[in-house]
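Taking it in order: structure first as structure tokens, then the write-up.
The values are calculated or read from the model by the stated rules, or taken from the named source; none is laboratory data. Worth saying up front: this structure is predicted, and the values here are computed from it rather than measured. Backbone-built Cβ (ideal geometry, glycine too); neighbour counts: all protein chains shown. Surface accessibility is based on the protein's heavy atoms, side chains included, excluding ligands, DNA and RNA. Shrake-Rupley method; radii C 1.70, N 1.55, O 1.52, S 1.80 Å.
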Protein chains: 2
Amino acid sequence: MGAVLPAPREEPTVSVKHALLSLLEQEPMYGYQLRQEFESRTGGTWPLNVGQVYTTLTRLERDGLVEAAGEDEDGHERWRLTESGHEEVATWFTTPVARTQPPRDELAIKLALAVTVPGVDVGTLIQRQRSASMTALQDYTRLKRQAGAETSPARADLAWGLVLDSLVFAAEAEIRWLDHCETRLRRAAVQDAGTTTAARSAPTSEMAPASASVDRRKGARR
Amino acid sequence: MGAVLPAPREEPTVSVKHALLSLLEQEPMYGYQLRQEFESRTGGTWPLNVGQVYTTLTRLERDGLVEAAGEDEDGHERWRLTESGHEEVATWFTTPVARTQPPRDELAIKLALAVTVPGVDVGTLIQRQRSASMTALQDYTRLKRQAGAETSPARADLAWGLVLDSLVFAAEAEIRWLDHCETRLRRAAVQDAGTTTAARSAPTSEMAPASASVDRRKGARR
DNA sequence: TCGCAGTGCCTACCCGGTATGTACCGACCG
DNA sequence: CGGTCGGTACATACCGGGTAGGCACTGCGA
């Protein structure tokens, strides 16, 4: 095996690394402060272990993206971006996240295996998951109401609100997908049982409502 | 800043472990075969490195969930589930995936930081991401058409179709969320510029269409 | 005064994930 | 017929993400 193109080296979805870098873009900070800033902006949705902040910082220093910036008045070792660190942040914000290699979706994997492995009650699996996702969705909307009730529309609260919305949208999509799977499986079961010639009846028109909702907003192109 | 999501220390989303276990539920297999079965069921959406299969298998053996089942006629070391392995699979399929600790969403993190860190052009960021997600969505639908053209609706193809649908639904939700963020940010900017008393005008009514879409499906049953 | 909660930092450890190396075998090919 | 290419099959080294847990200091209330 000769000359296999020197490995494009796809980075494995390092979100924390870039998050810390972009926080340092604002101003030099020390480790614990970085964790607090991250959590305040994301509303504690993805709790960040402090230890990881320090290990990530040392790795970033090793890679020449951050450097020590002396201590502040309280003796905290602060970090600042290097020149290449600034560039890294700029490219991160200008290039979209690649969907070529989507992260493992446990629910999708579970359902794919459930329908292929014999002896699994897929129907109740879907129902159980649906109600779980539904309660999660209700939790999110309740949190949203609480957050909306607060008076100060600071920038951090705006970000936290957007994050919450992303959770809501994802949960809604999950529920829609579960319903979609249910009808699809029911149809497949029927087609399995009655081996009649009833096929060819409008194949794959199940996605219509969601797709229409997307297209409506965008001036109807595609 | 009150109102934080509760964090009840869940296991770190080990999808591969349970995937291998549920494949072994069907019949004893050897390492390479497990990888092939997994990829055929998920259509190569999440390529599974062979090495991880072996390391995971040794860990599962250490934890008493699988055990060696001798060699097949070709000399392949096969693995079978133990009693607790069967139980593990059963509980995995009966308990829904917990959304209490959702996996890190790089796009949400990026946008949350983009709106809080000064000097980031959030508008073009959203636009770029939108078109990227849009092309990904088109790729998925194209793949769907190809998969739909094939004649044999085997169980593995059914699973692969469902996985593809989940990608489609997720991409659509992402696009809707981006549009949502855009209008929300525009409104916030307007409210920032004109510090008039124009507030209190129907707060948080942006989610209506998506929520309605979910509820509509739900009205018919359940 | 003790405890205790919060702030702040560090290290050991595990696990997921990838790259890489090895070996065997059949097919294709000059 | 020898070569080599690609697929099958397994094993291991390595790294980065992520967590647990320990240490130290400070302020505050019982």
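Some observations on this one:
- Interface area, B with A, accessible, probe 1.4 Å, both sides summed, Å² nearest 100: 9300 Å²
- FRET efficiency, 1/(1 + (r/R0)^6) with R0 30 Å, evaluated for B:Ser84 and A:Arg128 via beta carbons: 0.85
- Protection proxy ranking, peptides B:105-111, A:34-40, A:108-114, B:181-187, average beta carbon neighbours within 10 Å, highest first: A:108-114, B:105-111, A:34-40, B:181-187
- Accessible surface of the stretch B:29-84 [probe 1.4 Å, protein heavy atoms]: carbon and sulfur percent: 42 percent
- Pairwise FRET efficiency - B:Glu67 versus B:Asp179, Cβ, R0 = 56 Å, nearest 0.05: 0.60
- With all projection directions averaged, the alpha carbon convex hull of the stretch B:44-89 covers 4.2 nm².
- If you sort the three axes of the alpha carbon gyration tensor as a ≥ b ≥ c, you get a/c of 1.5 or more for the stretch B:15-94 and a/b no higher than b/c, which makes it oblate.
- For A:Gly123, inter-copy separations between label points set 7 Å beyond Cα along the Cβ vector come to 5.4 nm, shortest first.
- Label point at B:Thr94 placed 7 Å out along Cα→Cβ; residues across the stretch A:91-123 whose backbone nitrogen lies under 16 Å: A:119-123
- Overall, the stretch A:15-91 carries a charge dipole of about 400 debye about its Cα centre when +1 sits on the Cβ of Lys and Arg and -1 on the Cβ of Asp and Glu, all other atoms neutral.
- Between A:Arg187 and B:Gln52, the simple label model (points 7 Å from Cα in the Cβ direction) yields a spacing of 3.2 nm.
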